[in-house]
Amino acid sequence: EAGVAQSPRYKIIEKRQSVAFWCNPISGHATLYWYQQILGQGPKLLIQFQNNGVVDDSQLPKDRFSAERLKGVDSTLKIQPAKLEDSAVYLCASSGRGGSSYNEQFFGPGTRLTVL
Amino acid sequence: GENVEQHPSTLSVQEGDSAVIKCTYSDSASNYFPWYKQELGKRPQLIIDIRSNVGEKKDQRIAVTLNKTAKHFSLHITETQPEDSAVYFCAASKTGGSYIPTFGRGTSLIVHP
């Protein structure tokens, strides 16, 4: 089966600019996650969707970050305006059964964001 | 919320030796513990997981142990090979409801040939 797709793979912007990332989960996966992985650290959950609803966004900096999954499939994550500390890899993951446990998460290749 | 501590941050071994990575967690309600391997520049991939109703699980050269009383779990890799070199992440989560894992900071394993 096709894996989780993300684009772009790399993005370099200047601080205060805006950027958007796109994720296409594995077909049929109801749950979608966005993680921020800063160099040398583990992934930190930003937001979790089940279908097109938000399950958890407690760690999403809502003053500058936003995410949507309007049709319950693809998702976009936006940063506006970007700060230097937003430099990280943004990972998208999906899992098969929405809202339940023991789901194996399948990660996308990530988008490496550099903010100058 | 959950807090996961992972040690060591870096582990260097000779090919053929064993490697052990340890994690502790804070939320006694956590009962699912996956381990991920992330090779340089690649995505994290699940390599093994354990649930709270078992104390140990093995898959070829990889094993995980869980001590719920002490709230710690470990990854054991035997007969290490250079291709085992990667960053390994542990995670902890609760079942029943949303599956939201909390990850450790990672261990960089280097296997010298």
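Quick notes
- 3J(HN,Hα) from dihedral phi, region A:66-71, Karplus parametrisation 6.51/-1.76/1.60, rounded to Hz, x for glycine, proline: 9, 8, 8, 8, 4, 9
- Residue exposure sequence - B:90, A:92 - by fewest surrounding Cβ within 10 Å: A:92, B:90
- Per-residue mean of C-beta atoms belonging to partner chains within 10 Å, peptide B:9-22: 0
- Per-residue ³J(HN,Hα) for region A:4-18, Karplus 6.51 cos²θ - 1.76 cosθ + 1.60, θ = phi - 60°, Hz, x for Gly and Pro: 6, 9, 9, 8, x, 7, 9, 8, 10, 9, 8, 4, 6, 7, 10
- 10 Å Cβ neighbours from other chains, averaged over peptide A:108-115: 1
- In region A:33-116, the trypsin sites (Lys or Arg not before Pro) that fall in loop regions by DSSP, at most 11 other Cβ within 10 Å: A:62, A:71
- Between residue B:108 and residue A:56, the modelled label-to-label distance comes to 2.8 nm, taking each label 7 Å out from Cα in the direction of the beta carbon.
- Relative intensity, log₁₀ I(q)/I(0), of chain A from a Debye sum that treats every alpha carbon as a point, q = 0.13, 0.16, 0.19 Å⁻¹: -0.44, -0.67, -0.95
- On the principal axes of its alpha carbon atoms, region B:30-113 extends 42, 25, 20 Å, with the longest extent given first.
- Net charge dipole, the protein assembly as shown: roughly 540 debye, given to the nearest 20, about the Cα centre with Cβ charges of +1 for Lys and Arg and -1 for Asp and Glu.
- A simple count of charges around residue A:114, restricted to other residues whose Cβ falls under 15 Å of its Cβ and scoring Lys, Arg +1 and Asp, Glu -1, yields +3.
- Rg/Rh (Cα only; Kirkwood hydrodynamic radius) as it applies to region B:1-40: 1.04
- Of B:35, B:69, B:106, farthest towards positive along the dipole that unit charges on Lys, Arg, Asp, Glu beta carbons give chain B: B:69
- Ordering A:30, A:73, A:10 by Cα displacement along the dipole of chain A toward the positive end leaves A:10 in first place; charges were set at the Cβ atoms of Lys, Arg (+1) and Asp, Glu (-1).
- Net charge dipole size for region A:1-106 [Lys, Arg +1 and Asp, Glu -1 on Cβ; Debye, nearest 20]: 260
- Kirkwood-type radius of the protein assembly as shown, with distances r between different C-alpha atoms, in Å: 18.1
No lab work stands behind these numbers, since they all come straight from the coordinates. Since the structure is predicted, the reported quantities are computational estimates derived from the model, not experimental observations. Positions of Cβ are backbone-derived with ideal geometry, glycine not excepted, and every protein chain shown enters the neighbour counts.
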